[in-house]
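Beneath this line is the structure, given in structure tokens, with notes to follow.
What follows is calculated from the coordinates using simple rules that are stated; it is not laboratory data. As the structure is a prediction and not an experimental result, all values here were calculated from the model. A quick note on method: Cβ atoms are made from the backbone with ideal geometry, for glycine too, and the neighbour counts reach across all protein chains shown.
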Amino acid sequence: MTKNVTLNDGSSLEVGLTGNSGGKVIMLPIAKKSVFGQEAENLKLWGVDPELGKHFVEGLSSTFQVLFFDYEGYLFEHPKPDQLTAGNVASDFLHIADAMNVNTFSYYGYSWLALAGLQLAIRTNRLDSLIMGGFPPYRGPYQEMLTVTTKSHKQALSQIYNGSQPEVTGINTEEVDWNNVQVQMDPNQTKQFLTLYQSLMDFDDTLVQDKLVFPKLAFAGEKDTIVYGENFGKVTVDIAGLLNKHKEALKHFGWDIRILKGEMDHTKAMQPEAVLPLIKPWLVGKLLG
């Protein structure tokens, strides 16, 4: 079943619900739409599965119901430059669950959508479990990401001021020379992520752990460290390092921690072939065991 869900700002997002009708529901906001042809070939060069969403949905739907949508793609089509706060993202996700008649569900998000899952978790009692990939749930790099998104937005604005036509697309954030890369995006797109991290400046993830009274998994690739150049504030976002550094604290709060081995950077550790063998057995054990 697919449905166009109207969100609070009046824009519409295509949402699907499929799989085992009697099974537990897994929310997948990371379900990017499949692309083909040259666009698919370009993604493959970056190590990105051009049918990422399809493969995640198919991989989980034999056992679970899957509530899936491409939230990031939606935001690039319908930017929310001043409204993409942590609270509004959580509200969107709950609105989607309501529209699809889903009461309780597990959540899997990767990178900033993992962060969004944590924000959802502290605002509702409807989660059965939470999986965060590519963003640590404890002492996360919020300040560093505020710096990166601030610099990204300034670059996007400078493209306008200099008379350049921005590309209405995202940038691949991995395996990039961060000393020389230039952002070429619509400033409305970059501003929304700046707004997100600004909304999190007073958030302390160490103080919310006792609220997360359900099964929890956090993972990252062993090479998930990005060193940004001067254009992006000369900051380092070390996802794997933070997970390793705070592993004992996370375990104390009930988190299962996994580091994906085998030269796994941020991009490789988000692909279905790397993630499904980890999260599907974990979900089966926690929800059905």
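What the table shows:
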item	result
Cα centroid separation - the stretch 200-233 against the stretch 1-79, whole Å	23
Eligible aspartates and glutamates near residue 33 by straight Cα distance, threshold 12 Å, same-chain separation 8 or greater	14, 49, 51, 70, 72
At 1.002 mPa s and 20 °C, Stokes diffusion of the stretch 192-270 via Kirkwood alpha-carbon radius, µm² per second	149
Three-way shape call for the chain based on the alpha-carbon gyration tensor, with the a/c threshold at 1.5	rounded
Residue exposure sequence - 82, 205, 224 - by fewest surrounding Cβ within 10 Å	82, 205, 224
Longest exposed-site-free window of the chain, the sites being chymotrypsin sites (Phe, Trp or Tyr not before Pro) in a DSSP loop that have at most 14 other C-beta atoms within 10 Å	47-289
Pairwise label distance in nanometres, residue 157 with residue 54, each label 7 Å out on the Cα-Cβ vector	4.1
Pair residue 210, residue 82: separation of 7 Å Cα→Cβ label points (nm)	3.8
Debye, to nearest 20: dipole size of the chain, +1 on Lys, Arg Cβ, -1 on Asp, Glu Cβ	740
Cross-link pairs beyond the 29 Å C-alpha cut-off, checked among 151/211; 54/261; 32/151; 24/191	151/211; 24/191
The stretch 8-140: Cα Rg divided by the 2.2 N^0.38 Å rule of thumb	1.05
Max mean-square fluctuation residue, GNM over the chain, Cα-Cα springs under 10 Å, options 59, 140, 262	262
